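Working notes, beginning with the structure itself.
Each reported figure results from applying straightforward, stated rules to the coordinates on display, with no laboratory input. Quantities reported herein were computed from a predicted structural model and do not represent experimental measurements. Here the Cβ positions follow ideal geometry from the backbone for every residue, glycine too, while neighbour counts run over all protein chains shown.
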Amino acid sequence: MTPSKTLPATITVVVTAVGAIIGQGIAASLRKAGLPVRIIGVDRDPNGIGRHFCDTFFAKPHCDEDSPDYLDFWTALLDNEAVDLVLPGLELDVLFFNRNRSAFADSRSRIVLNEAGLIELAQDKWIFAEALKTHGLPVIPGCLAASWDECIEELGAPPLLLKPRQGNGSRGIAVLRDADDFTYWSRRSKDAFLIQKFVGSDDQEFTVGAFGLGDGTALPPIIFRRKLSVAGNTQYAEVVDHPVLAAAVEQLAAIFKPVGPTNYQFRMAGDVPYLLEINPRFSSSTSLRAAFGYNEAALAVQFYLTDEVPEAPVIARGRGWRYSEDLVVL
């Protein structure tokens, strides 16, 4: 058995996209854990609020993320700052590091990335739904129909939903009640989309966090009944016990073998758990989970830097709200 590694006296951690909600949640979770961390924040906006949550800050260069200059920025930053761990707080950063795994293979820095195949699969909701079907899992009826009549023929009476095939949260989703809605929203959609049957209700939507161990198992999940903000992020969350969803997450983990922070979004219709999407990364609920004892950032530090399986978090019961406040620096 390989002995566990010990944590350094000071853990240098990079948090990306610290100007956005997920990056801010990761930084706050690290502080809450009481770990001896030096947080380096990275963001496109040098004047954003995120830099005030960090010990050191670097602005991303203004270049294409597929350019050699952008890769050079990251390799130099990790080397010059002796970074122990990178916690991506933005899906684009996850995709960048996933594409460039080989470039960082010999780095001393560990990068918190989920299973490569799952990251790619989760990029397209239609392809992911087809994968769920092959495993006999519940899938919301959907189609790629090009007209309203075809939608009705395949899916039945409205309301129906138009969803971008790529993207996360509720951004770009529209309720379709008639042919005029279909025409309007399909023309407005800039990206490929799918049409789905409307299942369940807004009060039966859940977001679940389960830290994957990469072997088909995961730590016991934390389950929130949630309400979304206009931006598509969790605005209100209530910790609930839900054996059906816990069993569904266990089954999904066995199939897709996620590793690290993994977010599952469900809608219940009767007793059927329909998976809306998997986010194989930190999510907008990261800080709320940490507040109830499920600190994914702290779990990632232990798992990725010591190679130890963390103990299952003790989850508090309660409700949480996300709100805005001011930070003034004089």
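The residues of segment 133-172 that are among the aliphatic types (A, V, I, L, M), within 28 Å of residue 281 (Cβ to Cβ) and surrounded by fewer than 18 Cβ atoms within 10 Å (Cβ to Cβ), listed by number, are 137, 139, 144. Could you go through segment 4-11 and let me know if any residue there is touching a Pro at 6+ places or on another chain (Cβ under 8 Å) and without any contact (Cβ under 8 Å) to a residue 60 or more places away in the chain. Yes, the conditions are met somewhere in segment 4-11. Out of (1) more than 27 Å from residue 307 (Cα to Cα); (2) in contact with a strand residue (DSSP E or B) (Cβ under 6 Å, 6 or more places away or on another chain), what's the single condition that is false for residue 214? All conditions are met except number (1). Return the residues of segment 1-45 that are in a loop (DSSP other than H, G, I, E, B), of a type in the set (A, V, I, L, M) and touching a Gly at 6+ places or on another chain (Cβ under 9 Å); say none if nothing qualifies. Hits for segment 1-45 are 17, 18, 20. Applying the criterion of at least 2 residues that are over 23 Å from the mean Cα position of the chain (by Cα) and aliphatic (A, V, I, L, M) to the helices (runs of 4 or more DSSP H) found wholly in segment 104-200 leaves 148-155.
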